[in-house]
Amino acid sequence: MDRSSDLEWMRLALELAANASILTSPNPKVGCVIVKDGLVLGRGWTQAVGQAHAEVQALNDAKLAGQDVRGATLYVSLEPCSHVGRTAACTDALIAAGIARVVAAMEDPNPKVSGQGFAKLRQAGIVIESGILADQAREMNLGFFKRMESGLPWVRLKLAASLDGFTALPNGHSQWITGLEARQDGHRWRARCDAILTGIGTVWADNPQMNVRLDDASVIVRQPRKIVVDSQLRISPKAKIFDQGGVTIAYAKKNPAAEKLLADLGVQLLYLPNAQGQVDLPALMRCLGEQEINELHVEAGGILNGAMMAQDCVDELLLYMAPKLLGKGAGLFSMAAITTLDQAQQLYFHEITQIGETMRILARVSCK
């Protein structure tokens, strides 16, 4: 087989998968291209939940174009599913269509699939190859892979700070430390997540909407669920965060009157106290994983940021650093002091990009 051609077509499949970034969750983002004699017969990507997967989209695309896919090679960025869920099994569609060879970037971590798709296709006489551009395919679906492997969402903590590490002035004023380009970029990161988490301190200080607002009207926006950590249920029912609905509040102290008021507003309440009378953050992450949250985007203040880091609830920092010096102000994290440098939390730079006048840094807790 021509390895260079396989790489070329898999790159195209991954490009197609990127079209699904805001549509597919809790399903993974998958792209597919069908090729025969060096020609593309059909292409597709996963649609919204309950609609066609990438493979079926590509088959339908070929059919609409009048193309015969029998004997063709299908390139897909994740193993085809073999079970009936919200849609029929993709393996059955591929077998029926007469596909001769399937090249997949990697095995699906979903235990309902996990190699079973490949096995079913092999039993039907289809040649299977896997492992091409697997790292890129995994990167595209970090949240899905983490949830399938651990039951937890991929947690991205977003911060905006001056060059000397302050997120706001001593009086709390923070609008705007970063430039317009960086703020729009931040909204694009919001758009790709399933839920946005913040704390009651941020709700009090900024009364944020915590929604996605993009200048590009052509972009389809799915508003993420909003989650507030509010141990004592002190949030005002008039807070802007309730304007579009879809709110979950995690709390730690019973308050029947507040609970009823919030429940009447349609708020989902999660009672998750820890031994200190605060919200049990690891338990909250488990709850969100059970609710099929793949990517959780955190925008909070230093206290909650510090607690998330201290309790090992963060996978990645999304840090926007503006070329400004504030001198004094609110810090990025409120964490316990350390006495030696080897006690410091080690992070690993994953990507550094300039966005307008602002530097965007992706730093991960693990280098894997």
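The values are calculated or read from the model by the stated rules, or taken from the named source; none is laboratory data. Because the structure is predicted, anything quoted here is derived from the model rather than measured. Cβ coordinates were reconstructed from backbone atoms using ideal geometry, including for glycine residues, and neighbour counts include every protein chain displayed. These area figures cover heavy atoms from the full protein model, side chains too; ligands, DNA and RNA do not enter into them. Shrake-Rupley method; radii C 1.70, N 1.55, O 1.52, S 1.80 Å.
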Without any contact (Cβ under 8 Å) to a residue 40 or more places away in the chain, more than 17 Å from the chain's Cα centre (by Cα) and not in a loop (DSSP other than H, G, I, E, B), is that true of Met359?
yes
Notebook entry, point to check: Do we have any residue at all in the stretch 216-229 that's open to solvent by 20 Å² or more (accessible area, probe 1.4 Å), under 14 Å from the mean Cα position of the chain (by Cα) and closer than 28 Å to Lys260 by Cβ?
Noted result: yes
Residue in the stretch 266-279 that is within 30 Å of Phe349 (Cβ to Cβ) and of a type in the set (Ser, Thr, Tyr) present:
no
Those residues of the stretch 281-306 which are open to solvent by 40 Å² or more (accessible area, probe 1.4 Å) and either part of a loop (DSSP other than H, G, I, E, B) or of a type in the set (Ser, Thr, Tyr) (or both) amount to Gln291, Glu292
So, first residue outside any helix (DSSP H, G or I) in the stretch 55-71, second residue loosely packed, with under 14 Cβ neighbours inside 10 Å, Cβ within less than 8 Å, six or more apart or across chains; the pairs are Val69/Gly98; Arg70/Gly98; Gly71/Gly98
Residues in the stretch 70-86 that are at pLDDT below 90, more than 22 Å from the chain's Cα centre (by Cα) and under 17 Å from Gly31 (Cβ atoms) total 0
message: Just to be sure before I move on: is Ala337 out of contact with any Ser or Thr (no Cβ under 6 Å at 6 or more places or on another chain), part of a helix (DSSP H, G or I), open to solvent by 10 Å² or more (accessible area, probe 1.4 Å) and not β-branched (Val, Ile, Thr) in the structure I sent?
response: no
Pairing a residue in the stretch 322-351 that is touching a residue at least 60 places away in the same chain (Cβ under 8 Å) and closer than 22 Å to Ala182 by Cβ with any residue that is open to solvent by 70 Å² or more (accessible area, probe 1.4 Å) and in a loop (DSSP other than H, G, I, E, B), where Cβ atoms lie under 8 Å and the two sit 6 or more apart in sequence or on different chains, gives Ala322/Leu163; Ala322/Glu357; Pro323/Leu163; Pro323/Glu357; Lys324/Leu163; Leu325/Leu163; Gly329/Pro170; Ala330/Pro170
Requested in this report: Take Ala96 and decide whether it is in a loop (DSSP other than H, G, I, E, B) and either surrounded by fewer than 20 Cβ atoms within 10 Å (Cβ to Cβ) or modelled with pLDDT of 90 or more (or both).
Outcome: no
Going through the stretch 12-39 in order, the residues found to be in contact (Cβ under 8 Å) with a residue 24 or more places away in the chain, closer than 14 Å to Gln67 by Cβ and open to solvent by 40 Å² or more (accessible area, probe 1.4 Å) are Lys36, Gly38
Of the candidates Ala18, Ala48, the one satisfying the condition of being outside any loop (DSSP other than H, G, I, E, B) and closer than 30 Å to His187 by Cβ is Ala18
Within the stretch 127-164, residues assigned to a helix (DSSP H, G or I), out of contact with any strand residue (DSSP E or B) (no Cβ under 6 Å at 6 or more places or on another chain) and open to solvent by less than 40 Å² (accessible area, probe 1.4 Å) come out as Ala134, Ala137, Phe144, Phe145, Arg147
**Asked** Do we find that Gln51 is in contact with a helix residue (DSSP H, G or I) (Cβ under 7 Å, 6 or more places away or on another chain), closer than 21 Å to Pro109 by Cα and open to solvent by 20 Å² or more (accessible area, probe 1.4 Å) in this structure?
**Response** no
Of the listed residues (Thr167, Thr198), the one being touching a helix residue (DSSP H, G or I) at 6+ places or on another chain (Cβ under 8 Å) and open to solvent by less than 10 Å² (accessible area, probe 1.4 Å) is Thr198
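Residues are listed down the side, and each one gets a yes or a no for (1) basic (Lys, Arg); (2) over 15 Å from Glu129 (Cα atoms); (3) out of contact with any strand residue (DSSP E or B) (no Cβ under 7 Å at 6 or more places or on another chain):
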position: Leu7; (1), (2), (3): no, no, yes
position: Ala20; (1), (2), (3): no, yes, no
position: Leu23; (1), (2), (3): no, yes, yes
position: Lys29; (1), (2), (3): yes, yes, yes
position: Gly44; (1), (2), (3): no, yes, no
position: Asp68; (1), (2), (3): no, yes, yes
position: Cys81; (1), (2), (3): no, yes, yes
